[in-house]
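The structure appears below as structure tokens.
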């Protein structure tokens, strides 16, 4: 049977948009870690911001591997009493504007569970 044997009713653009939105996947829940970009002269400061209930492991410092292979480590002078977690937001200074920063962020994040888990984000 040919597909044009049963003509479909005309559906307006607005109805198609509603249909597509209804069938689209729901967005992922908020990421446990996000990156804030701040201009710092000719450079850009990247700061890690953890979601509520998430701690960033300071014993295995977060690292950003840039697309050219350069490895940058995030740090903060403020740590918890046992030096296991960052008490302040870790950051790193990257040369150049934010739009040119490409690479892979790797961090160890910890919640209420006993063990930390890896977190990877493509920038």
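Quick rundown of the values:
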read-out	value
Filtered residues of region 90-116 (kept if over 15 Å from the mean Cα position of the chain (by Cα) and either assigned to a strand (DSSP E or B) or surrounded by 13 or more Cβ atoms within 10 Å (Cβ to Cβ) (or both))	92, 93, 94, 95, 110, 111, 116
Conditions (1) at pLDDT below 95; (2) under 19 Å from residue 42 (Cα atoms): number failed by residue 116	(2)
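The rows are residues; the columns are (1) in contact with a strand residue (DSSP E or B) (Cβ under 6 Å, 6 or more places away or on another chain); (2) in contact (Cβ under 8 Å) with a residue 12 or more places away in the chain; (3) under 17 Å from residue 106 (Cα atoms).
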{"site": "33", "(1), (2), (3)": "yes, yes, yes"}
{"site": "38", "(1), (2), (3)": "yes, no, no"}
{"site": "41", "(1), (2), (3)": "no, no, no"}
{"site": "49", "(1), (2), (3)": "yes, yes, yes"}
{"site": "52", "(1), (2), (3)": "no, no, no"}
{"site": "56", "(1), (2), (3)": "yes, yes, yes"}
{"site": "62", "(1), (2), (3)": "yes, yes, yes"}
{"site": "65", "(1), (2), (3)": "yes, yes, yes"}
{"site": "68", "(1), (2), (3)": "no, no, yes"}
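To keep it simple, each residue is scored yes or no on (1) modelled with pLDDT of 90 or more; (2) touching a helix residue (DSSP H, G or I) at 6+ places or on another chain (Cβ under 9 Å); (3) surrounded by 10 or more Cβ atoms within 10 Å (Cβ to Cβ).
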position: 1; (1), (2), (3): no, no, no
position: 12; (1), (2), (3): no, no, no
position: 18; (1), (2), (3): no, no, yes
position: 35; (1), (2), (3): yes, no, yes
position: 40; (1), (2), (3): yes, no, yes
position: 45; (1), (2), (3): yes, no, yes
position: 60; (1), (2), (3): yes, no, yes
position: 63; (1), (2), (3): yes, no, yes
position: 76; (1), (2), (3): yes, no, yes
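The values are calculated or read from the model by the stated rules, or taken from the named source; none is laboratory data. Just so it is clear, the model here is predicted, and its values are computed rather than measured. Please note: Cβ atoms are built from the backbone with ideal geometry, for glycine as well, and neighbour counts cover all protein chains shown.
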